[in-house]
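First up is the structure itself, then whatever we jot down about it.
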Amino acid sequence: MIAWIKNNASLIITILVIIAFIFYCYGCEPKARSLVDVGKLVNRQELQLELDQIISLAQLRMVDLDKQEQLRAVVLQNALILVEGQPLNPLGLISAIAAIYGITQGGSNITKVVKSKYTIAKVNNG
């Protein structure tokens with residue numbers, strides 16, 4: 001048996017190297033750094049999922065920006081109508097009043113929250 005192994009050593013080594021290479025190619029898939037978590041390595045499918053998620057999130061935010069710009073355009077259009085001296089537009093007046101009310105309520109709510117957090121922090125520290 002040992003004589004046969006000595007005679008066919010190059011063939012045996014070649015077969016073992018080929019088998020090891022096949023296991024390496026099959027078992028070790030290529031990985032890259034994640035788009036979300038830089039310390040994590042992901043494969044191609046996971047990277048594509050992360051990319052699709054980021055694109056979907058960006059599209060949702062673009063839709064939100066479009067809605068805000070449309071509301072802003074309506075308010076500005078109604079303000080221009082009032083400035084030009086045309087007859088009073090009830091829709092423009094209502095939207096202007098609603099915008100002013102929303103801004104004042106948001107500001108007062110924010111002020112109350114900030115003041116209460118400041119007093120809580122002052123009581124806890126002092």
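The values are calculated or read from the model by the stated rules, or taken from the named source; none is laboratory data. Quick caveat, the model's predicted, so the values are computed rather than measured. Glycine gets a Cβ as well: all are built from the backbone with ideal geometry, and neighbour counts include every protein chain shown.
Pairs are defined by a Cβ separation below 6 Å, a sequence spacing of at least 6 or placement on different chains, a first member in region 27-39 that is within 23 Å of residue 57 (Cβ to Cβ) and touching a residue at least 24 places away in the same chain (Cβ under 8 Å), and a second member that is in a loop (DSSP other than H, G, I, E, B) and acidic (Asp, Glu); no pair meets this definition.
Once region 60-80 is narrowed to residues that are at pLDDT below 80 and closer than 20 Å to residue 101 by Cβ, the residue that is nearest to the chain's Cα centre (by Cα) is 75.
When restricted to residues that are part of a helix (DSSP H, G or I) and within 30 Å of the chain's Cα centre (by Cα), region 1-54 contains 11. Comparison of 106, 92, 102 shows that the only residue that is in contact with a helix residue (DSSP H, G or I) (Cβ under 6 Å, 6 or more places away or on another chain) and among the small types (Gly, Ala, Ser) is 92.
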